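No lab work stands behind these numbers, since they all come straight from the coordinates. Treat the numbers as computed from the prediction; the structure is a model and nothing was measured. Cβ atoms come from the backbone with ideal geometry, glycine included; neighbour counts cover every protein chain shown.
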Amino acid sequence: MWRDAALVAGRDLRVELRSRVTTNQVAPFSLLVLVLFAFALDPDRQLLERLASGLYWTAVLFAALLAISRSAAIDETDGVRDALRLSGLDPAGVFVGKAAAVAVVLLALELLLGVGVVVLYGVELAGAGLVVVAGLAATVAVAATGTLYGALVSGLRVRETLLPLLLLPVLAPVLIGATRAFEAALAGVPADGWPWCGLLAGLAVLYAVAGALAYGTLLEGS
Amino acid sequence: MEPVVHLRAAVALLGRFPALAGFDLDVARGEIVLLRGPNGAGKTTVLRACAGLVPVVRGEAVVLGHDLRLDPRPVRRHVGLLGHATGLFDDLTVADNVRFWGRACRADPGDIAAALALVGLDGRLRDVVVGRLSAGQRRRTSLACLLARRPALWLLDEPHAGLDHDTRDQLDALIGRAVRQGATVLLASHELDRAESLAHRVVELAGGTTAPARSAAPSDGSAPQAPPRRAPAAPSPEVSHVA
C-alpha cells in the first residue's frame, strides 16, 4: 500500500508542479480572500486581529476546495479511472497517495496564508508548537475528507458545485477545532488549545481510515 | 487446453440496458480474434467485460482462469486494454506517463524503457508533455503503456484509429510479436481490411449477442486466405464466423 501511495502522491505532485495551477491560481485566490476580509473589516483593526484565526481557516478551506477539485480532476480525464482499476494499484494506496499530495499542497498554501495573516492582520505569532500540531492535524483531516468526497462526486456532471455543498458541512468540525486551537495559541494560553488539537487528530484518523476503507468501492462504483 | 477467454450466454448490463444479451465466445491462447459488428453491437462491452471493467451478471465468464462472476478484479492486472480513451495525464511527459503506468503494474524498468523504444517514443518525443501531442502520438503513448505491462491478453478497441500508415504497420507487427511471445489478442475494429488480415478468426456481433454466420469466403468461391501476418506460434488460421 505504501509503495502505491508514494507512486500516486509523486504523480499528483508532479502534475501540480507542471500545470502550475496551485502557484498561478489557487495561491493568488487564497491571498485575495485574505485581502478581501481585510478590506471588509479594516475600519476595526482590533476585530481583524481577534478574528484572524477564523478568517485564516476559512481562507484555507476555500483554497482546499480548489486543491481537492484539482486532485479529483486528475483521475477524471480520458480513461484514467479505468486505467487505475486495471493497474492493480491498491485502492487504499491510491487514496493515501492522493490525500498526501493534497496535504502537501495545503501545507504550502497554509504557510503562505500564515505570512499573509501576519502581514495583513498584524497578528503576532505565539504558541508555535500548538499551531504546528493543530495545523498538521487539520490539514490531514481536510485532505482525507476532501479526497474521499472528491471520489464520491467523480463522474457526476455537477461535481464542481456539488463538492463544496457536501464537503463544507463535513469540514465544519475541523474549521471550529482548528480556529479554537489557533485562537488559544495566539492568545498565549496553549493549554486551552490542546483539547481542540486532540479533536482534530481524532477527526484526521477517522476520515483517513474511512477514506482508505471506502475508496476501493468508490473507484469501482464511479 | 483451457481457453484464455470463455464466455457462455454472458449477459452484461450498462445501467439497465443489456449491452451483452447472451454472448458466446471462446478464444484459445495465441489467437487473434476480431470482433466485427455495427455500432452498438456490443464489441466494446465484450472487451471491457473481459478486462473486468463491466460486470457479467449472468452466464459464464472466465478469463485467464479467473471467474469474472466471482470477482473481476484479479484478472485486471493481466490484461491490457487499448480503448478510445488514452488513460494519459496531459500535464506529464510521455516518459512520465509510461513510467507511472509501468510502475503501477510493477513492470520491470527495462520493460518500460523497451516499450518506449518499440513505439518510437524514445527520441525527442520522450520528454514532450502529452497535452501537446497529436492524437496518433497519444495513441502510441497508450500503446507503450500497454507494452510495458506485458499483458497476457490484449484487448484492442479500434487500435488503428488515428494512426498513420507506418504506425499501423508497426502496431500490427507488435501484435504479431506479442502473439509469438504467447499473448492472446481480442480486437474490435471497423477497419476490416487491415483487421481481418491480422486476425485468425472473426466473430460477428449484433445486438449484444453472437450474430448468425456470414460467409467470409471470397465471391469466387475459393477458400479464405490465411492471415498474412500470422504468428508462427499461433493456431492454424481460420477465417470463420461463430453461429
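So, R0 is 60 Å and r is the distance between the beta-carbons of B:Arg8 and A:Glu49; what FRET efficiency does that work out to, to 0.05?
Here the calculated transfer efficiency is 0.25.
Using only Cα positions of the protein assembly as shown, each an equal point scatterer, no hydration layer, compute I(q)/I(0) via Debye at q = 0.09, 0.10, 0.11, 0.14 Å⁻¹ and quote the log10 values to two decimals.
Log-scaled intensity ratios, in q order: -0.67, -0.78, -0.88, -1.22.
May I ask you to derive the relative contact order of region A:2-220, considering only C-alpha pairs under 8 Å and at least 6 residues apart, and to give it as an integer percent?
It comes to 28 percent, rounded to a whole number.
I need the semi-axes of the equivalent ellipsoid of region A:2-220: take the C-alpha gyration tensor, multiply each eigenvalue by 5, square-root it, list largest first in whole angstrom.
Details: eigenvalues 197, 69, 41 Å².
With the √(5λ) rule applied to region A:2-220, the semi-axes are 31, 19, 14 Å.
Read phi for every residue in region B:17-25 and hand back ³J(HN,Hα) as whole Hz from Karplus 6.51 cos²θ - 1.76 cosθ + 1.60, θ = phi - 60°, with x for Gly and Pro.
Coupling constants for region B:17-25: 8, x, 5, 10, 10, x, 9, 10, 7 Hz.
I want to check the label-to-label distance for B:Arg177 and A:Arg18. Put each point 7 Å from Cα in the C-beta direction and report it in nm to one decimal.
The answer from the label model is 2.4 nm.
Between the helical axis of B:135-149 and the dominant principal axis of chain B, each derived from Cα atoms, what acute angle in degrees is found, rounded to the nearest 10?
Around 80 degrees separate the two axes.
Provide the packing ranking of A:4-11, A:157-164, A:188-195, i.e. peptides ordered by the mean count of other C-beta atoms within 10 Å per residue, highest first.
A:4-11, A:188-195, A:157-164
Any idea what the dipole of region A:40-96 comes to, in debye rounded to 20, about its Cα centre with Lys/Arg Cβ at +1 and Asp/Glu Cβ at -1? Spell out each step's value before the answer.
Values: 5 positive and 8 negative charges, 23 e Å.
It works out to roughly 120 debye.
Using Cβ counts within 10 Å as a stand-in for footprinting exposure, how do A:Glu76, A:Glu183 rank, fewest first?
A:Glu76, A:Glu183
Rank these for me by crowding, B:Ser142, B:Ser134, A:Ser53, B:Ser197, going from fewest to most other beta carbons within 10 Å.
Placing the least packed residue first, the sequence is B:Ser134, B:Ser197, A:Ser53, B:Ser142.
What nm value, rounded to one decimal, do you get for the distance between B:Arg69 and A:Leu213 when each label is placed 7 Å out toward the C-beta?
With each label point 7 Å from Cα toward Cβ, the separation is 3.1 nm.
Shielding by partners for B:105-113, please: the mean number of other protein chain Cβ atoms within 10 Å of each residue's Cβ.
Whole-number average of other-chain Cβ neighbours for B:105-113 is 1.
Nearest 10 degrees is fine. How inclined is helix B:94-104 to the longest principal axis of chain B, computing both from alpha carbons?
The helix B:94-104 is inclined about 60 degrees to chain B.
Any idea what angle helix A:190-221 forms with the longest principal axis of chain A, computed on alpha-carbon atoms, 0 to 90 degrees, nearest 10?
20
Just the number, please: Stokes-Einstein D of chain B in µm²/s, Kirkwood Rh from C-alpha pairs, 10 °C, 1.306 mPa s. List each step's numbers first, then the result.
On the way: Rh = 18.3 Å.
Result for D is 87 µm²/s.
Residue by residue through B:88-94, how many Cβ atoms from other chains fall within 10 Å of the Cβ on average?
Per-residue shielding by partner chains comes out at 6.
Quick one: dipole size for region A:2-220, taken about the Cα centre, charges +1 on Lys/Arg Cβ and -1 on Asp/Glu Cβ, in debye to the nearest 20.
Computed charge dipole of region A:2-220: roughly 320 debye.
Could you work out the mean count of beta carbons from other protein chains within 10 Å of each residue's beta carbon in A:88-98?
2
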